[in-house]
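So the structure is just underneath, and the comments pick up after that.
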Amino acid sequence: MELNGEQLIAAPIPDVWRGLNDIDVLAKSIPGCEEISRVSPEEIHAKVMFKIGPVRARFSGKLLLSDVIPEQACSMAFEGSGGAAGFAKGRSRVELKLVDGGTLVSYTTEASIGGKLGQIGGRLISASAKKIADDFFQKFAKELGGEVIPLQSAPED
């Protein structure tokens with residue numbers, strides 16, 4: 001599964017970067033987050049409750065940061081287990097750019113999903129993952145005291 005997107009957050013880059021690295025902000029922003037802790041500067045552990053289609057599961061997982069360029073970009077490797085519901089693992093890259101109105105957050109994610117979740121149709125999983133990402137950014141922007149600004153569709157050449 002691939003999930004790519006961009007979100008424009010009405011906040012300056014330093015605030016967005018700080019928020020993305022603040023576990024208290026993340027705990028309030030991640031949908032279904034029950035617990036989150038920083039094990040080291042590069043490692044975060046979390047427990048999250050997800051409902052994707054008919055499957056509801058509590059995932060325990062870890063996130064490892066790499067290729068960190070402060071206030072610009074970072075890569076993440078993640079893996080999580082939801083017991084009988086299945087597992088997810090993958091990589092993501094996040095980049096921040098200064099634009100009129102705030103900070104453009106671009107992300108690319110590649111994930112593999114197995115178990116009961118892997119048996120759910122790819123379109124349902126992709127739609128659920130996009131909704132989770134959209135919900136995250138709405139809550140995240142609110143935590144920063146701003147909002148997500150709808151991106152205007154650029155005309156294609």
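Just so you know, all these numbers are worked out from the coordinates, no wet-lab data involved. Nothing here was measured: the structure is a model prediction, and the numbers come from that model. Using ideal geometry, Cβ is built from the backbone for each residue, glycine included, and neighbour counts are taken over all protein chains shown.
Here are a few things to note about the model shown:
- Additional length obtainable on full extension of the chain from Glu43 to Glu147, 0.36 nm per residue less Cα span: 34.7 nm
- Taken one residue at a time, the phi angles of the stretch 101-111 give Karplus couplings (6.51, -1.76, 1.60, θ = phi - 60°) of x, x, 10, 8, 9, 10, 9, 10, 9, 10, 9 Hz. Gly and Pro are set to x.
- Nonlocal amide H pairs with Ile149, under 5 Å, H built at 1.01 Å: Leu8, Ile9, Ala10
- Whole-Å distance, taken between Cα centres, linking the stretch 23-62 and the stretch 91-148: 14 Å
- Each of Val94, Leu104, Ile120 was placed along the dipole of the stretch 79-130 (beta-carbon charges, centred on the mean Cα), and the one lying farthest toward the positive end is Ile120.
- Working note: 222 nm ellipticity from helices only, DSSP H runs with n ≥ 4, each -39,500 (n - 2.57), summed and divided by the residues of the chain, gives -7500 deg cm²/dmol to the nearest 500.
- Here the contact order of the chain, divided by its residue count and restricted to Cα pairs under 8 Å and six or more residues apart, works out to 31 percent.
- Gain upon complete extension [Ala84, Met1; 0.36 nm per residue less C-alpha separation]: 27.9 nm
- Given in Å, the Rg to one decimal and the Dmax to the nearest whole number for the Cα atoms of the chain are 15.6, 48.
- The string of couplings for the stretch 67-73 from the Karplus curve (6.51, -1.76, 1.60, θ = phi - 60°) is 6, 7, 10, x, 6, 10, 6 Hz, one whole number per residue in order, with x for Gly and Pro.
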